[in-house]
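Read through the structure below, which is laid out as structure tokens, and then see the notes.
No value in this document is a laboratory result; all are computed from the given coordinates. Quick caveat, the model's predicted, so the values are computed rather than measured. Counting neighbours? That spans all protein chains shown, and the Cβs are built from the backbone with ideal geometry, glycine included.
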Amino acid sequence: MYNLLIKNARVIDGSGQPAEGLLDVAVQGDEIVNIDKNISSGAETIIDGSGKILTPGFVDIQNHSDAYWQLFDNPQLGSLITQGFTTILVGNCGASLAPLLSKDSLLPLQKWHNLEGINVNWQSFSEYIETLSRSPLACNVASLVGYATLRRGLVGDEIRRLEKNELEALKKILEESLDAGAFGLSSGLSYAHEIIISELELFELAKVLAKQKALFSIHLRSEGEEVVEALEEALDIARNTDVNLKISHLKVRGRQNWEKAPEVFNALDTAYHKGARVHFDAYPYETMWLPLYSYLPKWAMEGGRTLMLKNFSDAAQRNKLMAYLNTTGVKFSEMMVASTANKLNFVGKTLGQIAKNMEVSSEEAVLQLIQNGGSEVLVFEQNLDPTQVEEFVNHPLGFVATDGEGVGKNAASTLVHPRCFGTAPKFIKQSIASKKITLEEAIRKLTSGPAEKIGLKKRGQLKIGNFADMVLFNPQTITDKSTYQNPYQFSEGIEYVFVNGKPVVAKGAITGLLPGYTLRK
Ligand SMILES: [Zn+2]
């Protein structure tokens, strides 16, 4: 007598190999214990998988549910589990919730979450993991260490190179965090406090990671004009240290830069074929979701928030900023405001509409919004080439990930990117329709691909002895529903999602169970 038996499903095991016929899959506790044709033993729960596809649970290698504080505020992570994600890797883009070396360590999170009223009862990575493992969660969570979190814990709001002893301290804390279960390090090199990080410093930390076979997740310094140079910098690190490198949310941003995509693919392929351990993740959307301040020139961000605001109030500097914004080629007027600091009520409006109400230019509205809303103003900008977006997600070195957060269905006063709700179903639906890659390959990009890259044990493939993280979906009806104006809509066609043998989604609805584990490397 098994706990769970799924019968007559087409099993795509996550390896990328062609599915063979219809199979039954049996689960005991949190483990897959049998996969065979016509298993005759009974089970407490039997699910008819006819006409459905059974796959391993999806692994979101690029997730920010920690930075948005959802792990604690919203452990259900509804928008993620309803699209089939059963494991998420958080701590991305330079920001993690540990280790906290000083009160400044959490500052990198400001981009994503208002820190007022937040309470933490941990300092080290090990204490954080302990806390996390005591808090119930719908899916499994693994975490990286954020570079900015580490660095700002040491140097606070200062933006400068590290002294030798500081670099040594950083390496030591990284090592301790890896020992405590962190899966690697992430950096957000385009952000104000990480622009200053030298290639040499990156090398030093990459060596620590390589020694421990841990992941280095890099959000490139540039995804636009200097994307090729930025990618080469990251590839250099992989080539020279043999670190396990993953480029975060890879893309070529801005119409004027789209012609650089072939160079990007070429650099990746060449590095990979010469032995660099490089992969990347991408999301299947043409619109980016990012802080408005990130459109400012590098020189305006280099001094951090204080200096940035000083630049705004100095007439000459402000003119220089306006001149820059006028020549970027970015269509600011078409951008939509997704969220702002609480006092501003611009959500869902375009910058063009906001500017018209203020009776100023869209560029002037950009400066005023940043001035009043700071790093909390997030916008949507449609600036990616649809053909390239498809090429990135379909590329053999690419994984598909949300770069988003787990949220519930209750519409908040802010908009989230639809990728938080629809990434996996949108990608699967697209793969089935376009036939550009096989469905088996599409599933690999969501399962064993990212699981192996992260170094997850017994997850990412449907096989006997592995954890019973599984998704049962209908290939005819699977679809995303979330839109930019109305993002809070769950995907459809995903009928069952099991995390460690327990259903978090059953008959298409959230069950409320919280069976996720906190994973340690
Ligand atoms: Zn990022």
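With 15 Å as the cut-off, how large is the P(r) tail for region 291-381, expressed as percent of Cα-Cα pairs? Percent of Cα pairs beyond 15 Å in region 291-381: 55. Averaging Cα coordinates gives a centre for region 1-69 and one for region 330-384; these two points are 45 Å apart. Taking every DSSP beta bridge that has both ends in the chain, the antiparallel portion is near 50%. With all pairs of different C-alpha atoms in the average, the Kirkwood value for the hydrodynamic radius of region 114-272 is 17.0 Å.
For the pair residue 270 and residue 175, label points projected 7 Å from Cα toward Cβ lie 3.6 nm apart. Label positions at residue 240 and residue 72, each projected 7 Å from the Cα along the C-beta direction, are separated by 3.9 nm. Relative to the current alpha-carbon distance between residue 298 and residue 356, full extension at 0.36 nm per residue lengthens the span by 18.1 nm. Here each label is just a point 7 Å from Cα along the line to Cβ, and for residue 317 and residue 347 those points are 3.2 nm apart.
Taking 45 Å as R0, compute the FRET efficiency from the Cβ-Cβ separation of residue 485 and residue 328 and round it to 0.05. In this case the efficiency is close to 0.95. In order along region 452-464, phi translates into HN-Hα couplings of 5, 4, 6, x, 6, 8, 6, 9, x, 9, 8, 8, 4 Hz, rounded to whole numbers, per the Karplus curve 6.51 cos²θ - 1.76 cosθ + 1.60 with θ = phi - 60° and x for Gly and Pro. By the equivalent-ellipsoid construction on the alpha carbon gyration tensor, the chain comes out with semi-axes of 38, 25, 22 Å, ordered largest to smallest.
The angle separating the long axis of helix 227-241 from the principal Cα axis of greatest extent in the chain is about 60 degrees.
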